[in-house]
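Below you'll find the structure, written out as structure tokens, and then a few comments.
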Amino acid sequence: MANQIRLVEAVRQALDEEMARDESVVVYGEDVGVNGGVFRATQDLIEEYPEQVYDTPLAEAAILGLGVGLSAAGFRPVPEIQFASFAYQGFHQLVQHASRMRSRTRGTLGVPMTVRTPYGGGIRALELHSESYEAGFAHVPGLKTVVPANPADAKGLLTAAIRDPDPVMFLEPTSRYRASRESVPEGEHVVPLGEAEVVREGEEVTVVAWGAMVAEALDAVESGDADAEVIDLRTVSPMDSEAILDSVRKTGRCVVVHEAPRTGGLAAEIVARINDDALYYLEAPVERVTGYDVPFPLFAREEAYRPDADRIRRGIERALSA
Amino acid sequence: MVREQVAEFSVEYVQALDEEGNLDEAQAPEVDDEDLLELYRLMRLSRRTDERAVALQRRGESGTYAPGIGQEAAQVGSAFALGDDEWMVPSFRESAAYLTRGAPVHRLLWYAMGMEEGAEVADRNTPPSIPVGSQALHAAGLGWGQAIRGEDAATLTYFGDGATSQGDVYEAMNVAGVLDAHTVFCCQNNQWAISVPRERQSRSETLAQKAVAAGIDGIQVDGNDVLGVLGVARDALESAREGNPVMVEALTYRQSMHTTSDDPRVYRTEEEEGDWDARDPIVRFERYLREEGVLDDDRMAEIADDIEALLSDEIDRAREGREQVEPAEMFDYVFAETPPELRRQRETFEREEGEKGETAPASAEGGLRGEREAGGAEIPESVEQSAGEAAEERGDEADDEEVGDRG
């Protein structure tokens, strides 16, 4: 059985089912209770689970730091940071504590916290509501970073993240929250972390994307002539290198797409991994189609900043013409 | 026009044992002779542990260490009030509190020796927290968890006067108040945050009043009075167990250095240090115990001998553990299940470790050869050659460095 639901509803479904399944799952954050979250991802959950859903004061360091303590107390915290750009206010709790607790205590204390947060551009939001900082999170050892691109994966990956014994940044692309209704399995649906998915098979070029850029990449491929293979990375850290390498060994060409700034972005890491293990299969340099090295602009210039199907198609053409 | 007072507050100060060792019965907690002696033993053990740890650092056997000399009453008195089923969330100067909670000395030394083994979590004590004040939020989370489950238990966290300037400490007290967390915030105001004195940390008249803004109780206690601290901590924990968090400001003094890397003579006077030496928490308690007949010369000597014997054994154990550090274990606890890339890095590390001292490591060449075999692509001769040469040069260098260093 499957329902046709949107990504934001799939998130809510995962939270609902995991709280029902496990009393130690606690959902909390700013406006997640009575208000149901600013994107309605937690709508009505507080009524169903009054002992597991809490509104907290407006304090991101507190929200993330509380998760470390709740973890020690035996809970599975699922805090929400209202927008990813406000995770910086609590970034130290992630870097200095949550991500390294298992390592520094030699496995005697873990932090099974899943930090849900809306991220990325495309919804004409206020300043500092559109950034893509996944490379920053991916650079933190001990932290997993997951980005769903569609409703079914949102449910399956979030379920896996909540059950994961380690801390996970779960970045929900705001532009996809209500973009489409898609088929999502009812009941238990788990998509393992660390596994990419080939969402379109092709022979001539590999396109790697995640989050909102997967839909753009698919648009680019559908509207172009190339027989492209599209990989949805899904978990950006730890990265499923093999899925990328297998595809690149087949196609010999690769385009990596991300919304985040170019320099130090995850495309650079992907290029490096291809260099390490598939260099001699390449027929052309790996192309990057990314955001620019500028602060994410206010929304009047947002479309100029974000990679779209057009830019991705040109990237594919460059990769094929080299 | 309306102008009226809408809130007022006051902060109490508690002292049970004065500086001469006289007890104010009204403020004294209930303790039997056995507990009195145990409090005394823990304070002495803590001081000697700090002294030995500093000496180990001076001899190069250990790394940076933050001694709590002068703060024994503040820590032992408060940690003593915690039950075994309750949590302690320390900062990084809490040897006395750890020892009170039953942590063995060798584990404290392991942490100072740079070993994660010393930060393993046992007996409901979280590991030392280096970023100042950040741990207060973990205590709020633990205390919130105890509240959600309706447990008759609380969590006690330590931080210093400097930490009260950190946002995390305020956030922790504020959320603890809102969430009815079972948390006691114990601020050891030891007067100095490295070189910055208490009065340059905040214009606040007391630090305890910082609790007032968060809507929780704040109280001051003479932090060099172990009985006063014990009594205040017991009351605070009792309140916290009912969902009313409390902040306790224990007025004490860091008699020694900030850490073994610090020289207090740069920023404070000997006169000031002398004033506080006269208020030493152990001396004061000793006077009281002798006056009460709980302690005499023989008993003191016996306790001192036992502590020296214990420390001797524990230091031996710490040294033995230090010899057994396995470097590759740094990869093993990053995640519950080690992901493929990290497994690969571990393998590379082990291979390179194994190759140290060899003249022509196979790793650099192996990468290219492996790729060629797997991929069947042509490798230009020049690439292979230059990589091989580079590897050989690195190998020579490594050989020189490692002579006699690896068995």
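The values are calculated or read from the model by the stated rules, or taken from the named source; none is laboratory data. Given the structure is predicted, the values throughout are model-derived calculations rather than measurements. Methodologically, a virtual Cβ is constructed for each residue, glycine included, from the backbone with ideal geometry; neighbour enumeration extends over all protein chains shown. For accessibility, only protein heavy atoms count, side chains too; no ligands or nucleic acids. Shrake-Rupley method; radii C 1.70, N 1.55, O 1.52, S 1.80 Å.
Per-structure values
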{"read-out": "Evaluation of A:G69 against (1) in contact with a Gly (Cβ under 6 Å, 6 or more places away or on another chain); (2) touching a residue at least 12 places away in the same chain (Cβ under 8 Å) (one fails), failing number", "value": "(2)"}
{"read-out": "Residues that are without any contact (Cβ under 8 Å) to a residue 60 or more places away in the chain and either in a loop (DSSP other than H, G, I, E, B) or touching a Cys at 6+ places or on another chain (Cβ under 6 Å) (or both), drawn from the range B:64-110", "value": "B:D84, B:F92, B:R101, B:G102, B:A103"}
{"read-out": "Helices (runs of 4 or more DSSP H) fully within the range B:253-343 counting 3 or more residues that are small (G, A, S)", "value": "B:297-323"}
{"read-out": "Exclusive hit being part of a loop (DSSP other than H, G, I, E, B) and basic (K, R), set B:R47, B:R3, B:R52", "value": "B:R3"}
{"read-out": "Hits in the range A:295-309 (condition: among the hydrophobic types (A, V, I, L, M, F, W, C), closer than 13 Å to A:E131 by Cα and over 20 Å from the mean Cα position of the chain (by Cα))", "value": "A:L298, A:F299"}
{"read-out": "Of all residues making up the range B:15-37, the number that are part of a helix (DSSP H, G or I) and open to solvent by less than 60 Å² (accessible area, probe 1.4 Å)", "value": "3"}
{"read-out": "Subset tally (residues that are assigned to a helix (DSSP H, G or I) and open to solvent by less than 60 Å² (accessible area, probe 1.4 Å)) for the range B:234-252", "value": "5"}
{"read-out": "Matching option when the condition is open to solvent by less than 10 Å² (accessible area, probe 1.4 Å) and among the β-branched types (V, I, T), among B:V132, B:V169, B:V178", "value": "B:V169"}
{"read-out": "Selection count where residues are more than 7 Å from chain B (Cβ to nearest Cβ) and among the β-branched types (V, I, T), scope the range A:77-112", "value": "4"}
{"read-out": "Total residues in the range A:83-131, condition at positive phi, in contact (Cβ under 8 Å) with a residue 40 or more places away in the chain and open to solvent by 10 Å² or more (accessible area, probe 1.4 Å)", "value": "3"}
{"read-out": "Scan of the range A:89-103 for residues that are farther than 15 Å from B:Q166 by Cβ and within 22 Å of the chain's Cα centre (by Cα), ordered by number", "value": "A:L94, A:V95, A:A98, A:S99, A:R100"}
{"read-out": "Those residues of the range A:198-236 which are under 18 Å from A:L157 (Cβ atoms) and not hydrophobic (A, V, I, L, M, F, W, C), in sequence order", "value": "A:G211, A:D232, A:R234, A:T235"}
{"read-out": "Any hit, the range A:293-311, residues being charged (D, E, K, R), out of contact with any Leu (no Cβ under 8 Å at 6 or more places or on another chain), without any contact (Cβ under 8 Å) to a residue 12 or more places away in the chain and on the phi < 0 side of the Ramachandran plot", "value": "yes"}
{"read-out": "Looking only at the range A:132-185, and only at residues there that are of a type in the set (G, A, S), open to solvent by 10 Å² or more (accessible area, probe 1.4 Å) and within 14 Å of chain B (Cβ to nearest Cβ), the one that is farthest from B:P340 (Cα to Cα)", "value": "A:A160"}
{"read-out": "Residue within the range A:69-76 that is away from every other protein chain (no Cβ under 13 Å) and either within 21 Å of the chain's Cα centre (by Cα) or not in a helix (DSSP H, G or I) (or both) present", "value": "no"}
{"read-out": "Residues satisfying the stated conditions in the range B:307-323, i.e. touching a Leu at 6+ places or on another chain (Cβ under 9 Å) and either free of Cβ contacts under 8 Å to residues at least 12 places away in the same chain or open to solvent by 50 Å² or more (accessible area, probe 1.4 Å) (or both)", "value": "B:L310, B:R317, B:R319, B:R322"}
{"read-out": "Every residue from the range B:157-166 that is open to solvent by 20 Å² or more (accessible area, probe 1.4 Å) and assigned to a helix (DSSP H, G or I)", "value": "B:S165"}
{"read-out": "Qualifying residue in the range B:93-110 (condition: buried (at least 24 other Cβ atoms within 10 Å of the Cβ) and within 10 Å of chain A (Cβ to nearest Cβ))", "value": "no"}
{"read-out": "Qualifying residue in the range A:270-280 (condition: within 20 Å of A:V146 (Cβ to Cβ) and open to solvent by less than 10 Å² (accessible area, probe 1.4 Å))", "value": "yes"}
{"read-out": "Some residue of the range B:146-156 being open to solvent by less than 10 Å² (accessible area, probe 1.4 Å), within 11 Å of chain A (Cβ to nearest Cβ) and touching a strand residue (DSSP E or B) at 6+ places or on another chain (Cβ under 6 Å)", "value": "yes"}
{"read-out": "Residue within the range A:210-229 that is within 14 Å of chain B (Cβ to nearest Cβ) and open to solvent by less than 20 Å² (accessible area, probe 1.4 Å) present", "value": "no"}
{"read-out": "Number of the condition not met by A:R12 [criteria: (1) within 13 Å of chain B (Cβ to nearest Cβ); (2) within 25 Å of A:G156 (Cα to Cα); (3) under 19 Å from the mean Cα position of the chain (by Cα)]", "value": "(1)"}
{"read-out": "Residue within the range A:113-126 that is within 12 Å of another protein chain (Cβ to nearest Cβ) and modelled with pLDDT of 95 or more present", "value": "yes"}
